[in-house]
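What follows is one structure encoded as structure tokens, with my remarks underneath.
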Amino acid sequence: MSYQVLARKWRPRTFNEMVGQEHVLRALINALDNNRVHHAFLFTGTRGVGKTTIARILAKSLNCEVAMSSTPCGQCSACREIDEGRFVDLLELDAASHTGIDNMREVLDNAQYMPTRGRYKVYLIDEVHMLSKSAFNSMLKTLEEPPPHVKFILATTDPQKIPVTVLSRCLQFNLKRLPWEFIDKHLAHILAHEGIESEAAAHAAIARAADGSMRDALSLLDQAIAYGGGRLSDADVRAMLGNIAHEHVFSLLEALASNDAKAVLEGVQLLAEQAADFSGVLAELLSTLHRIAFAQVLPEAVDDSLGDAAPILKLAKAMSAEDVQLFYQIGVIGRRDLPLIPDARSGFEMVLLRMLAFRPMDAKDAAPALNLQSTAPVTPTQLTQTGAAKTQAHPGSDTPSKVAVAKPAAGDDVAEDWAAIVNALKLTGIARELAVNCELKQRSVDGLHLVLDSAHAHLRSKKVEERIEQALQQYYATPLKLVISIDKPEQETPASRQQRQQGERQQAAVAAIQADANIKSLCETFNASINPDSIQPVD
């Protein structure tokens, strides 16, 4: 006997054998059991999700010789002939090859005759969106009021191309892509039943590669079994699919987390030597970042089906949530643009370099807030009242700001440059946003008091304040207590100062353009005007 492919051998023959699509099955089962079967059905969905399979089971349920129900016997001649594809009253049409009005007229002319063997004459029209406009128009009346012995089952992957007049005459069921977990569980069941030795990571990789299609998953499973000589291993499946090992993705992410550009580029070189598909590598990188973000929020729920929960949790601790979200967003945009780049490797490298370039600056890269001829963190007990002030440039400003040195004994008399201190702290994301919108009100030996405007009160949270407090304790090398109160700041906050400076620079740039003699001449010659919004100051 010739070999039967898994997609055909394991095609469901009853509704109970179907994997997923419960929202469709429930409606059909209730309709059959209560004898409330509509005359026309439309099944939509992507390839391999069960449209034709459900249609055949429905036809079998309607024509089972034992009884019309949601559980056909599967033993009578009608059930067997439908399973074998030779039941005379089940007419399967491929609309892609029968698009014209003549084909449809032939179908409709035969619809008036009673079924030869079964209870109903069932017309299964696959890829119905391929019919011509005239063919659709010719079937409208019959589709709305067919003979009582006729049922229409339409299937399509593109319902947008079906006329609304046809849609309104059918019960519509949208079949969803199957979650990879459903597919993985079903593949494991098939492998166990077939007696094929397999690794869990191998059939999980196939389930992911199937992209929601059970038929694709079974075809890939057939291919993987042949590739592995009757055995399913993770290494063989990855080689067959062209996937790279998880270790390469983890190495890249560790290098990104460490801000190690050399290690990142060495990792890309290693992938190039293995002839990796860089689009696939980027997709794997994004999938891993998603799992890392999930692990940061709910570490106990990390999926270990691929046996990589430990490195995922390790990276979740090593990377900040802000970095993970930034890397993910850059990767999504890069994957969209990757097909536009002639060289996939260079495009992939640019995505990784963007991740490094746009990553928020760490404290080790920032200038120290107070430089008292020492590289060590300055503690409150090291500060003395000198009356002098150290000069330090503020980011985004051409004007150096003054950092006054406070005496530790007062603690209440604070004139420190809070912007410079924030710039030196290990803060990113919301924590930094909260800090730059605060005013340093008081600093004592054992605590700091910040004032936050009510307009930014939404930034506060216990977790964010704890991050700022820990950063301050590390900076001052002493267990300081942070207190944040809601009030109107008396002085400029770092955020408001930067906004003011940017406004001043913008005004200066506009004034310079408007005063330029050449631009004035152009405006007079061409009766033109200057759009101030188009002017940007140049650093």
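The values are calculated or read from the model by the stated rules, or taken from the named source; none is laboratory data. All of these numbers come straight from a predicted model, not from anything done at the bench. Note that we place each Cβ from the backbone using ideal geometry, even for glycine, and neighbour counts take in every protein chain shown. When the accessible area is computed, the model is the full protein with side chains, heavy atoms only, and any ligands, DNA or RNA have been set aside. Shrake-Rupley method; radii C 1.70, N 1.55, O 1.52, S 1.80 Å.
For the range 194-302, which trypsin sites (Lys or Arg not before Pro) are in a loop by DSSP, counting at most 16 other Cβ atoms within 10 Å? All intermediate terms of the calculation are to be shown ahead of the outcome.
Values: sites: ARG208, ARG215, ARG231, ARG238, LYS262, ARG291; in loops: ARG231.
Those that pass, being in a loop and sparsely packed, are ARG231.
In whole angstrom, note down how far apart the Cα centers of the range 126-165 and the range 1-63 are.
19 Å
Could you compute the FRET efficiency for ALA293 and THR478, with r as their C-beta to C-beta distance and R0 at 30 Å, rounded to 0.05?
E between ALA293 and THR478, to the nearest 0.05, is 0.35.
Of all trypsin sites (Lys or Arg not before Pro) in the range 50-96, which ones are in loop regions per DSSP and have a Cβ with at most 11 other Cβ atoms within 10 Å? List each step's numbers first, then the result.
Details: sites: LYS51, ARG56, LYS60, ARG80, ARG86; in loops: ARG86.
Passing both the DSSP loop test and the Cβ count: ARG86.
For the range 286-334, what is the accessible area per residue in Å² when the probe is 1.4 Å? Mind dumping the intermediate values first?
Numbers: 2390 Å² over 49 residues.
Spelled out: the 1.4 Å probe surface of the range 286-334, per residue, equals 49 Å².
Identify, among LEU62, SER132, ALA7, the residue whose Cα sits farthest towards the positive end of the charge dipole of the range 1-144, taking +1 on the Cβ of Lys and Arg and -1 on the Cβ of Asp and Glu, with the dipole about the Cα centre.
ALA7
Where does the charge balance sit around HIS203 when Lys and Arg score +1, Asp and Glu -1, over other residues with C-beta under 13 Å from its C-beta?
Details: positive: LYS185, ARG208, ARG231, ARG238; negative: GLU181, ASP184, GLU194, GLU197, GLU199, ASP222, ASP234, ASP236.
In short, -4.
Under a 5 Å amide H to amide H cut-off, with H placed in plane at 1.01 Å, what residues pair with PHE41 once short-range neighbours are removed?
PHE152, ILE153, LEU154, LEU171
What's the angle, to the nearest 10 degrees (0 to 90), between helix 517-526's Cα axis and the longest principal axis of the chain?
40 degrees
Work out from phi, with θ = phi - 60° and the Karplus expression 6.51 cos²θ - 1.76 cosθ + 1.60, the ³J(HN,Hα) of each residue of the range 349-360, listed in order in whole Hz, and give x for Gly and Pro.
Values per residue, Gly and Pro as x: 4, 5, 4, 5, 5, 5, 4, 6, 5, 9, 5, x Hz.
Quick one: which residues, 5 or more positions from GLN442 or on another chain, have an amide H under 5 Å from its amide H? H modelled 1.01 Å from N in the peptide plane, none for Pro or chain starts.
HIS449
Considering only protein heavy atoms and a probe of 1.4 Å, how much of the accessible area of the chain is carbon and sulfur, as a whole percent?
Details: 14570 of 28480 Å².
Reported share for carbon and sulfur atoms: 51 percent.
Give the shape of the range 1-102 as rounded, prolate or oblate, defined through the alpha-carbon gyration tensor: a ≥ b ≥ c are the square roots of its eigenvalues, a/c under 1.5 means rounded, and otherwise the shape is prolate if a/b is larger than b/c and oblate if not.
On the way: a/c = 1.23, a/b = 1.08, b/c = 1.14.
Note, shape of the range 1-102 comes out rounded.
Using a 10 Å Cβ count of at most 12 others and DSSP loop calls, identify the longest part of the chain lacking such chymotrypsin sites (Phe, Trp or Tyr not before Pro). Walk me through the intermediate numbers first.
Numbers: sites that count: TYR3, TYR113, PHE358.
The answer is 114-357.
So if each residue of separation counts as 0.36 nm, and I subtract the Cα-Cα distance between ASP343 and ILE101, what length gain in nm does that give?
Details: separation 242, 0.36 × 242 = 87.12 nm, distance 4.79 nm.
Roughly 82.3 nm would be gained on extension.
Could you give P(r) for the chain, binned at 20 Å from zero, as whole percent values over all Cα-Cα pairs?
16, 32, 28, 19, 6, 0
Roughly what angle does helix 246-257 make with the longest principal axis of the chain, taking Cα atoms, 0 to 90 degrees, to the nearest 10?
Computed tilt is about 20 degrees.
With everything on Cα atoms, drop me the angle between helix 133-144 and the longest principal axis of the chain, reported from 0 to 90° to the nearest 10.
Helix 133-144 sits roughly 70 degrees off the main axis of the chain.
Tell me the net charge near PHE87. Cut-off is 14 Å between Cβ atoms, PHE87 excluded, with +1 for each Lys or Arg and -1 for each Asp or Glu. Provide the component values of the computation, followed by the final result.
On the way: positive: ARG13, ARG56, LYS60, ARG80, ARG86, ARG117, ARG119, LYS121, LYS151; negative: GLU65, GLU81, ASP83, GLU84, ASP89, GLU92.
Residues close to PHE87 contribute a combined charge of +3.
Amide H neighbours of SER198 under 5 Å, counting only residues 5+ apart in sequence or on other chains, H built in-plane at 1.01 Å?
LEU232
What does the charge dipole of the range 78-193 about its Cα centre add up to, to the nearest 20 debye, if the Cβ of each Lys and Arg holds +1 and the Cβ of each Asp and Glu holds -1? The partial results should precede the final answer.
Values: 14 positive and 16 negative charges, 63 e Å.
I would put it at about 300 debye.
For the range 119-166, what is the charge dipole size about the Cα centre, in debye to the nearest 20, if Lys and Arg each add +1 at the Cβ and Asp and Glu each add -1 at the Cβ?
160 debye
Using the Karplus curve 6.51 cos²θ - 1.76 cosθ + 1.60 with θ = phi - 60°, work out ³J(HN,Hα) for each residue of the range 96-103 in order, rounded to whole Hz, and write x for Gly and Pro.
My calculation for the range 96-103 gives 5, 9, 10, 8, x, 5, 5, 4 Hz in order.
Counting Lys and Arg as +1 and Asp and Glu as -1, what is the net charge of the other residues whose Cβ lies under 14 Å from the Cβ of ASP308?
Numbers: positive: ARG208, ARG238, ARG291, LYS314; negative: GLU199, ASP234, GLU247, GLU254, GLU284, ASP303, ASP304.
Here the charged neighbours net out to -3.
Here is the link list: LYS262/LYS314; LYS262/LYS481; LYS441/LYS462; LYS161/LYS185; LYS9/LYS121. Which ones come out longer than 30 Å on Cα distance?
Working: LYS262/LYS314 22 Å; LYS262/LYS481 40 Å; LYS441/LYS462 20 Å; LYS161/LYS185 35 Å; LYS9/LYS121 26 Å.
Distance filter (> 30 Å) returns LYS262/LYS481; LYS161/LYS185.
Does the range 49-195 classify as rounded, prolate or oblate by the C-alpha gyration tensor (a ≥ b ≥ c root eigenvalues; a/c under 1.5 gives rounded; else a/b over b/c gives prolate, otherwise oblate)? Write down the numbers at each step before the final one.
Values: a/c = 2.25, a/b = 1.31, b/c = 1.71.
Oblate, since a/c reaches 1.5 and b/c is not below a/b.
From the phi of every residue in the range 160-175, what ³J(HN,Hα) in whole Hz does the Karplus formula 6.51 cos²θ - 1.76 cosθ + 1.60 yield, where θ is phi - 60° and glycine or proline is x?
Values, residue by residue: 5, 8, 8, x, 4, 5, 7, 4, 6, 9, 10, 7, 9, 10, 9, 7 Hz.
Just the number please: accessible area per residue for the range 243-285, 1.4 Å probe, all protein chains included, in Å². Each step should come with its number before you reach the end.
Values: 1920 Å² over 43 residues.
Accessible area per residue, the range 243-285: 45 Å².
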